[in-house]
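Quick one: this structure, given as structure tokens, is what I'll be asking you about.
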Amino acid sequence: MSAIGFLILLVLSIVLLMVLIMKIKLHPTFSLFVAALVMGLVMGVFEPEGFTFTEVLSKIASGFGGTLGSMGIPIMLGAILAMGVQDTGAAKVIANFFIKLFRGKNLELAPALTAYIVSIPVFGDITTILTSNIANVLSKRKHISMGKMAAFTQTGLNLTHAMVPPTPGILAVSILLGADLGLVIGWGVVISIIGFLLTWIVLRKWTDKEFIEPVPEVVAEIEETSSNDVKDILISGEDLPGTFASFLTILIPVVLIAGSSFLKMGVSEESALYGWANIFGDKIVALGLGVIYTMILASFHKASVRKSNKDVSGKDPANFREVVLDSWIVRGLNVALPALLITGMGGAFAAVIKAAPAINDLAGLIEKSGVPGLLIPFLIGAIMFTAVGSMTTGGMTAAGVVGPMMATLGLTPVATVLAIGAGTMIFNHVNNSGFWVISRFFNLDLKQGLKYITLPDFVAGVFCFVLVCIASAVGLF
């Protein structure tokens, strides 16, 4: 199959997926399965080596299992942690902190800027889970659409995920292209925060046009207020934990994962510290410790925990341990299960796409097209991300293609790395597992996901690329 033929097939497969979900009303999990199966079978007809029906099923199964294998437990732990953050009242306290910080205005920036910072060292889906509670609570409190919350929260987290090491993808691209890591981090922060603010300025009014309700399970006890007075907006409650204790529910996994990333950059792989960093920086260990801490915090605030759990589940076990060791897990798994299934099948769809040899031919076409300078790494990064649904895979593939061209094109390593990073923001859509995780935890359907995830990321990616071009043109890197 030619590169153009593969591109046409990819577009048709995505159109089929959208029709199945939006028109036929088939569940997204099975819509993804059908789209992956059809695409694999068509490739089996036109690729020289071909794929048999059983081989396509095997690729779908391995993609599904591989995605769940890497993300399943973290998503479950994150969902359980979210139940604890809700029941202890920590979500209310964190929301109150941001209400005070922003004086009751532009509250969509609270989860967005939190996600921007947290996503630098932390896996994107974990960041989504950790910040979704804040977004849902503030959405209910001030009647802010979850579309607006999702648009800027996921843009913030994806910008640093795409452009600021030590996020694994951009870190690997920096190393592959020999870029100075300090310069990539510094300029990545500057360009991405400016890109975020420009995106917020351009889209903030547009995101007000449609109101999307917050996730009901998360905001069961939160009441709406129409007042603009900070004191009236603050969420009241009895037996609430302190601000620092509340933030620790999120900070423990964040600090452990972040500290591990930075520590491993500065110590030898043979050292004991590197080994400890590997253990405590593991996303399962870090989230697990966050869950344990939240359970301990709950034991100091039993009254509010019992009340919240009863309001949500309708049950009030005689033994308090049943609340944190059973009810939290049951409720968390109920929230996590749809995200797990859709995310896993999204990974299956991506696995079928990655199996196509023509992916690399697409990048080759761009190289031969005569497109000037920095536009080449940007476009290759965009096409690779669009095709495979992974910023890390797309960015590293683009780096492998662009690396040999840098000298000929007169590109510096830092500019090339940042252009690729901006490119991997361009078309965040249905074959990216993160798209489905964000949609689930921000209460978006497919059409709303394309509006409030795909479009804001596209705008932010374009802004960042323009900023990279300007900075490169004036010789800043």
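Hey, what do the phi angles of region 307-323 turn into as Karplus ³J(HN,Hα) couplings, whole Hz, using 6.51/-1.76/1.60 and θ = phi - 60°, x for Gly and Pro?
4, 5, 5, 5, 4, 7, 9, x, 10, 9, x, 5, 8, 4, 4, 5, 5
At 0.36 nm per residue, and after removing the present C-alpha to C-alpha distance, how many nm does the segment from Phe320 to Phe46 gain when stretched out fully?
Gain in length upon complete extension: 92.6 nm.
Using DSSP to define loop residues, name the chymotrypsin sites (Phe, Trp or Tyr not before Pro) in region 176-284 whose beta-carbon has at most 13 other beta-carbon atoms within 10 Å.
Phe211
So, one more: What distance in nm separates the simple spin-label points at Phe30 and Val330, each placed 7 Å from Cα in the Cβ direction?
Here the answer is 2.8 nm between the modelled labels.
Here's something else I'd like to know. Could you state the accessible area per residue of region 1-48 in Å², with a 1.4 Å probe and every protein chain left in place?
That works out to 51 Å² for each residue.
Taking the square root of 5 times each eigenvalue of the Cα gyration tensor, what semi-axes in Å does the equivalent ellipsoid of region 193-255 have, largest first?
Result for region 193-255: semi-axes of 27, 21, 14 Å.
Carbon and sulfur atoms: what percent of the 1.4 Å accessible area of region 407-462 do they account for?
Exposed carbon and sulfur together represent 63 percent of the surface.
How would you rank 135-148, 303-316, highest first, on the average number of other Cβ atoms within 10 Å across their residues?
135-148, 303-316
Can you find, among Gly63, Ala473, Thr397, the residue farthest towards the positive end of the dipole of the chain? Put +1 on the C-beta of Lys and Arg, -1 on that of Asp and Glu.
Highest projection toward the positive end goes to Ala473.
Rounded to a whole number of µm²/s, how large is the Stokes-Einstein D of region 1-153 at 4 °C and 1.567 mPa s, given Rh as the Kirkwood radius over C-alpha pairs?
Translational diffusion coefficient: 70 µm²/s.
Find the eigenvalues of the gyration tensor of the Cα atoms of the chain, then list the square roots of 5 times those eigenvalues as equivalent ellipsoid semi-axes, largest first, in whole angstrom.
Over the Cα atoms of the chain, the ellipsoid semi-axes are 37, 26, 22 Å.
Here's a follow-up. Tell me the mean residue ellipticity at 222 nm calculated for the chain from its helices only (DSSP H runs of n ≥ 4, each -39500 (n - 2.57), averaged over every residue, nearest 500). Walk me through the numbers on the way to the answer.
Numbers: 23 runs with 341 residues, N = 477.
After summing the helix terms and dividing by residue count, I get -23500 deg cm²/dmol.
Let me check against my output: what whole-number percent is the relative contact order of the chain, with C-alpha pairs under 8 Å and at least 6 apart?
Working: 797 pairs, mean separation 117.1, N = 477.
Rounded, it is 25 percent for the chain.
Where nothing but the Cβ of Lys and Arg (+1) and of Asp and Glu (-1) is charged, how large is the charge dipole of the chain around its Cα centre, in debye to the nearest 20?
So the dipole magnitude of the chain works out to roughly 780 debye.
For region 134-243, what ratio Rg/Rh do Cα atoms give with a Kirkwood hydrodynamic radius?
Rg divided by Rh gives 1.11.
Name the trypsin sites (Lys or Arg not before Pro) in region 191-298 that are in a loop by DSSP and that have at most 14 other C-beta atoms within 10 Å, would you?
Lys205, Lys209
Do any GluC sites (Glu not before Pro) in region 256-323 lie in a DSSP loop with no more than 12 other beta carbon atoms within 10 Å, and if so, which?
Glu269, Glu270
Estimate the FRET efficiency between Val189 and Val474 by the formula 1/(1 + (r/R0)^6), using the beta-carbon distance for r and 30 Å for R0, to the nearest 0.05.
0.95
The values are calculated or read from the model by the stated rules, or taken from the named source; none is laboratory data. In this text the structure is predicted, and so the values were computed from the model without any measurement. All Cβ positions, glycine included, derive from the backbone under ideal geometry; neighbour counts span all protein chains shown. For the accessible areas, the whole protein counts, side chains as well, though only heavy atoms, and no ligand, DNA or RNA atoms are used. Shrake-Rupley method; radii C 1.70, N 1.55, O 1.52, S 1.80 Å.
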